[in-house]
Amino acid sequence: MALKEALTKLAKRSSMIKTKDAGGTNAAATSGTDTNGTNGTATNGAEAKKEVEEPINNEKTENSPRFVIIGAGARGYAYADTIHKLTNGVVSAVAEPLKFSRENVGKKFIWQDEEPREGQSFPGWREYLDYEIARRKRVADGEENVPPGADGAFVCVQDAMHEAVIVGLAPLNLHIMCEKPLSTTLQSCLKMYEALKPTMATNVFSIGHVLRYTQHNMLLRKLIVEDKIIGNISSVVHTEPVGWWHFAHSFVRGNWRNDQTSGPTLLTKSCHDIDFLLWMMCSPEKAGEGEPHLPSTVSSQGGLHFFKKSRKPAAAGDATNCMKCPLGDSGCKYSAKYLYVGPHRYSLEGGNLSMPVNIVVHDIEDYRTMEEKKAVMIKTLEADWDESTPKDEVAARQWYGRCVFEADNNVNDEQFVTITFPETNRPAKQITFHMVAQTKKICERFTHYYGDEGEIYADGYKITVENFATGEKTEYDPKHVAGGHGGGDQGLTGQFVAACDAVKNKGWAAEKAQNEYIGCTLDEALRSHAMVFAAEEARKEQKILSWPQWWKENVGEEAK
Ligand SMILES: NC(=O)c1ccc[n+]([C@@H]2O[C@H](COP(=O)([O-])OP(=O)(O)OC[C@H]3O[C@@H](n4cnc5c(N)ncnc54)[C@H](O)[C@@H]3O)[C@@H](O)[C@H]2O)c1
């Protein structure tokens, strides 16, 4: 379904409750006509929940769009699963060096109980590239019975590899879904942009900004940007609560802990939020049409405040690994023993076998008994390093048993970004963004929007609209889809596969499929990444940057 069509259905489907606070009676008007111009029907929650689910077209045919998964770790698996279960796309190949991860995707979604056939399994993206070049030559030479190739690639390797893979695969002219962030430096993002731009004539591109595709956020954008339900926006205050244990897992012990091996938190975590805020406040109403409302300035403050040696509890002494720490069993909520073995609610003993447990031990499900699972987990957590361990050895892997106050992390656990917009093609406004590590909420963003006709509070579940003049309060309760990122994984995958299908089977021009299904241009993806790098520069140099000047000096005229 094209985005516009999806949004209209969404507004109709979400439940909506109106109340009026003028007389202080809070009387519920749960039926009647929607007066806010949202195409919505004012219904109560019970009525809306009766709505019949949209049938899923996951029928596979010989014309189905075919996809290669490049990097079958956590994200590669999640996309393969979604393509297989919820779309008419086919997972046709996997490129992944780790046998367990490659077979995990292959056996579930590609070759099932058989052995992989030609063109289905590769130990890495370069081997896939070599094979595909040779396969196309065989086709061009008229060889018969050459297996079909893929139409698109899901690039799900780690951040620092994105550039090599995207630039390497660009000559193949595939549709590309690249995981966020595009890359770890602006220069690298620009190289990717240059490699991808020529492919956009015939292909679509998507970036893993899943926040754009949750039902909640699609409805929110419709209300604010299309329906202008609270008039012109004057300011937005947005918070990204990463979550106390989640931050420790991913950004102190895990993959994204050090800006030398991945990138700053604003890039590796909050690029989602910066992109989302620019989509709401800067992008044209419809992708590919009209002009963006470009910012005037950007500034930022923040740092690594908590997860460092100076904050280590004295009672932990010299311990660098939780399994040997006197506070290991009690007294430290960040204890790896507590978080991964138990009894934390996301731990093994808490009954959890997915994130974060299977990030520490990928094949945890393959150990039969709880005793075996615990033994392998404990052994993994006991791994540690000391001052004599070479720095690149420390940096090359994750140390999930490491004390969170003694790790090789350096990324911010607190950050604010302020973006201002001048009065140009839209009225002036400003945004503040706050990323905070120590929160009870785990990634459940919340935002206040202030307009000249009313205000909105949105928390990922409900959207509450208050109109100043009428005193009317309207609560929207968009369908909360279970699964990755509040349904964003499904939304993004579904729209990307539909775009590829439209180009392959319905004769759509790539540009039309890009704008209507993906709703985000390559230029927009570049802009939101550039904003992250500008904000980081502003933070480090403690200055307020002029966006037009920064763009001219760092990006140039070619990109918009
Ligand atoms: N959209 C989101 O919300 C979201 C969430 C988490 C992670 N991410 C991003 O997704 C990407 C992957 O993250 P992840 O958590 O799945 O990481 P991961 O480490 O679980 O997966 C990466 C995989 O790439 C494989 N790989 C390494 N070299 C390869 C090669 N030469 N060819 C093919 N595969 C190779 C690794 O073996 C690994 O299995 C990262 O860029 C990350 O930042 C996005």
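A short reminder: the numbers here are calculations on the coordinates, not readings from a lab. Everything numeric in this text was worked out from a predicted model, so none of it was measured. Neighbour counts run over all protein chains shown; Cβ positions are idealised from the backbone, glycine included.
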Legend entry - Solvent-free Debye scattering, log10 I(q)/I(0), computed from the Cα coordinates of the range 259-372 at q = 0.17 Å⁻¹: -1.00
Inset, instruction - Assuming R0 = 45 Å, can you tell me the calculated FRET efficiency for the pair ILE56 and ILE378, based on Cβ-Cβ distance, to the nearest 0.05? - result: 0.65
Legend entry - Under Karplus coefficients 6.51, -1.76 and 1.60, residue-wise ³J(HN,Hα) of the range 291-300 in Hz, glycine/proline x: 9, x, 8, 7, x, 9, 9, 9, 9, 7
Legend entry - Stokes-Einstein D for the range 426-474, Kirkwood Rh over Cα pairs, 25 °C, 0.890 mPa s (µm²/s): 193 µm²/s
Inset, instruction - Restricting things to alpha carbons, tell me how big the range 74-220 is in terms of Rg and Dmax, in Å. - result: 16.0, 52
Inset, instruction - Normalise the Cα radius of gyration of the range 188-301 by 2.2 N^0.38 Å (N = residues in it) and let me know the number. - result: 1.25
Inset, instruction - Taking the Cβ of ASP151 as the centre, find all other residues whose Cβ is under 15 Å away and add up their charges (Lys, Arg: +1; Asp, Glu: -1). - result: +3
Legend entry - Value of Rg/Rh across the range 402-460 [Cα atoms, Kirkwood radius]: 1.13
Inset, instruction - Using the number of other C-beta atoms within 10 angstrom as an exposure proxy, rank SER310, SER296 with the fewest first. - result: SER310, SER296
Legend entry - Over 21 Å (Cα to Cα) - which of LYS441/LYS473; LYS286/LYS441; LYS222/LYS506; LYS60/LYS506; LYS286/LYS512; LYS18/LYS228 fall in this group: LYS441/LYS473; LYS286/LYS441; LYS222/LYS506
Legend entry - Per-selection Kirkwood Rh - the range 122-196 (Cα, Å, 1 d.p.): 13.3 Å
Inset, instruction - Let me know the Rg and Dmax you get for the range 435-560 when you use only its Cα atoms, in Å. - result: 19.5, 52
Legend entry - Given LYS308/LYS337; LYS391/LYS552; LYS333/LYS379, the pairs whose alpha carbons are separated by over 26 Å: LYS391/LYS552
Legend entry - Summed residue charge, Cβ within 12 Å of GLY351's Cβ, Lys/Arg positive, Asp/Glu negative: +1
Legend entry - Taking all pairs of distinct alpha-carbon atoms in the range 314-417, Kirkwood radius in angstrom: 14.6 Å
Inset, instruction - Any chance you could tell me what percent of the C-alpha pair distances in the range 51-105 go past 12 Å? - result: 64 percent
Legend entry - Antiparallel DSSP beta bridges within the chain, percent to nearest 5: 65 percent
Legend entry - Computed over the range 109-202: relative contact order in percent, which uses C-alpha pairs under 8 Å that are six or more apart: 23 percent
Inset, instruction - Average the reciprocal distances over every distinct pair of alpha-carbons in the chain, invert the result, and give the Kirkwood radius in Å. - result: 25.1 Å
Legend entry - Net +/- balance of residues flanking ALA469 in space, Cβ distance below 11 Å, scoring K and R +1, D and E -1: -4
Inset, instruction - Report the relative contact order of the range 251-365, percent, no decimals, based on alpha-carbon pairs under 8 angstrom and at least 6 residues apart. - result: 8 percent
Legend entry - Cα-Cα pairs of the range 363-428 separated by more than 16 Å (percent): 68 percent
Legend entry - Helix-derived mean residue ellipticity, 222 nm - over the chain, DSSP H n ≥ 4, -39500 (n - 2.57), to 500: -8500 deg cm²/dmol
Inset, instruction - Over the chain, calculate the relative contact order: mean separation of alpha carbon pairs under 8 Å at least 6 apart, over the residue count, as a percent. - result: 21 percent
Inset, instruction - Using only the alpha-carbon atoms of the range 345-480, report the extent along each of the three principal axes, biggest first, to the nearest angstrom. - result: 63, 36, 24
